Amino acid sequence: ISHDLTVFLEVHPSAQGAWATLTFANQSDRPASLLKWNACFGNRIQNDVFAIEYESGRVSYTGRLTKRRAPQDDDFVIVPPGEKVLYRVNLAEAYGFPTGRHRYSVRYSAFNPRLEGPEIDELKSNEAVFDDSK
């Protein structure tokens, strides 16, 4: 678990899908590094980082699966001490939501390697619950 970054998740359904807002907050007194492709940098889902459950099981990830090289310096966002970064994504663009009315539970979870060393933190959000119908 990361002692530097915390993640807060909010999800709001709309006619176009379910919009997730991720807020990464640096709680420490030193800069924290955040891996772009696991953080939804640029407001794009680039990895299977959301666990979405409903009555019948788990919603499948339908986004791209990309084999990546080891992260380089420019693959990280630096979050200054006490600061936050926020990304907003449409979950329906990368997850196959079933038709019909359902109640969903969503969590963000990803591994975040540190830019300055070999450690890897696990970032986990709160649970967000919403009702949606398609």
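The values are calculated or read from the model by the stated rules, or taken from the named source; none is laboratory data. Just so it is clear, the structure is predicted and the values come from calculations on it, not from any experiment. Using ideal geometry, Cβ is built from the backbone for each residue, glycine included, and neighbour counts are taken over all protein chains shown. Accessible surface is based on the protein model in full, side chains and every heavy atom, while ligands, DNA and RNA are left aside. Shrake-Rupley method; radii C 1.70, N 1.55, O 1.52, S 1.80 Å.
Counting just the residues of the range 66-90 that are within 19 Å of residue 8 (Cα to Cα) and not in a strand (DSSP E or B), which one comes out most open to solvent (accessible area, probe 1.4 Å)?
That would be 83.
Can you find even one residue in the range 26-49 that is farther than 27 Å from residue 119 by Cα, open to solvent by 10 Å² or more (accessible area, probe 1.4 Å), in contact with a strand residue (DSSP E or B) (Cβ under 6 Å, 6 or more places away or on another chain) and outside any helix (DSSP H, G or I)?
From the range 26-49, those farther than 27 Å from residue 119 by Cα are none; that's our starting set.
No, every residue in the range 26-49 fails to be farther than 27 Å from residue 119 by Cα, open to solvent by 10 Å² or more (accessible area, probe 1.4 Å), in contact with a strand residue (DSSP E or B) (Cβ under 6 Å, 6 or more places away or on another chain) and outside any helix (DSSP H, G or I).
For the range 103-126, which residues satisfy the criterion of being free of Cβ contacts under 8 Å to residues at least 60 places away in the same chain and open to solvent by 30 Å² or more (accessible area, probe 1.4 Å)? Step through it out loud before you land on a result.
As a first pass, look at the range 103-126 and keep what is free of Cβ contacts under 8 Å to residues at least 60 places away in the same chain: 103, 105, 117-120.
Answer for the range 103-126, where residues must be free of Cβ contacts under 8 Å to residues at least 60 places away in the same chain and open to solvent by 30 Å² or more (accessible area, probe 1.4 Å): 103, 118, 119, 120.
In this structure, is residue 107 under 15 Å from the mean Cα position of the chain (by Cα) and part of a strand (DSSP E or B)? Reasoning before the result, please.
Numbers: under 15 Å from the mean Cα position of the chain (by Cα): yes; part of a strand (DSSP E or B): yes.
For residue 107, the condition - under 15 Å from the mean Cα position of the chain (by Cα) and part of a strand (DSSP E or B) - is met.
Any idea which residue in the range 50-63 is least open to solvent (accessible area, probe 1.4 Å), counting only those that are aromatic (Phe, Trp, Tyr) and closer than 14 Å to residue 108 by Cα? Walk me through it before giving the result.
Taking the range 50-63 first, the residues aromatic (Phe, Trp, Tyr) are 50, 54, 61.
Next, only the ones that are closer than 14 Å to residue 108 by Cα stay: 50, 61.
On the way: 50: 2, 61: 43 Å².
Looking at residues that are aromatic (Phe, Trp, Tyr) and closer than 14 Å to residue 108 by Cα, I get 50.
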